[in-house]
1. State, as an integer percentage, the relative contact order of the chain based on alpha-carbon contacts under 8 Å between residues 6 or more apart.
2. If I take every Cα pair under 8 Å that is 6 or more residues apart in segment 165-212, average their sequence separation and divide by the length, what percent do I get for the relative contact order?
3. To make sure I understand, if each residue's beta carbon is the centre and we count other beta carbons within 10 Å, what order do 224, 102 fall in, fewest to most?
4. Which one, 62, 140, 148, has the greatest fluctuation when you compute a Gaussian network model over the chain with C-alpha springs under 10 angstrom?
5. Need one number: nm distance between label points at residue 201 and residue 188, each 7 Å from Cα along Cα→Cβ, rounded to one decimal.
6. Given 10 °C and 1.306 mPa s, how large is the Stokes-Einstein diffusion coefficient of segment 133-184 in µm²/s, with Rh as the Kirkwood radius over Cα pairs?
7. Compute the whole-percent fraction of alpha carbon pairs in segment 148-240 spaced more than 15 Å apart.
8. What is the Cα convex hull volume of segment 49-148 when expressed per residue in Å³?
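What follows is calculated from the coordinates using simple rules that are stated; it is not laboratory data. Just so it is clear, the structure is predicted and the values come from calculations on it, not from any experiment. Virtual Cβ from ideal backbone geometry, glycine too; neighbours counted across all protein chains shown.
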């Protein structure tokens, strides 16, 4: 009986060793499938279809944590994105970027060294392996017609003969015109519109001409008029303006 118990103990110990070994093998297997930070000799797929989720990356980014560059420009191309990283006016690196489905990450394919660098994060902070972290500075113009419901010409105080008017297109690009006093108008500012995610009638007109300038837009419920800026100037849709 004692011999039988001894064999049972040995068998149980052997089974435990096998289980531990199996767990160890599983861990190494996970490492094998972990997305690499850098892909050597990476091949960009120029035939891939453009993914609409790339749109959120388009625009100019400012470096928030980088030792090699201070700005990033992201543009759209047919099969993905095109990254250009700057240090001042000098180009540090450039190349295509796209989602690598094998790893479920976007990678930046650097033309200078033939390597692909993992891209993580989003518009609140995007990190490119070996190059640093960037935050969105100025998004590229939209192309989806999101602001079609407020696209119009808006006249100050509801008069087509006023000294100021604002033009907004369907993609939220706006232009502010001021009268010169001789019947002509000059564009004094321009930019893009962002809608408040929590308040439907609240918009923000960000200037592309002046850094850190944003005008509040408080839109009427019927989208017939809005107040503009700190002074609350009233602008009314052109088709509703008095003509006499």
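1. RCO, the chain: 12 percent.
2. Relative contact order here is 27 percent.
3. Ascending number of Cβ neighbours within 10 Å: 102, 224.
4. Between 62, 140, 148, it is 148 that shows the largest mean-square fluctuation.
5. Using points 7 Å along Cα→Cβ, the separation is 2.6 nm.
6. For the chosen part, D equals 123 µm²/s.
7. The proportion of pairs with Cα distances above 15 Å equals 58 percent.
8. On the way: hull volume 10.4 nm³, N = 100.
Measuring per residue, one finds 104 Å³ for the Cα hull of segment 49-148.
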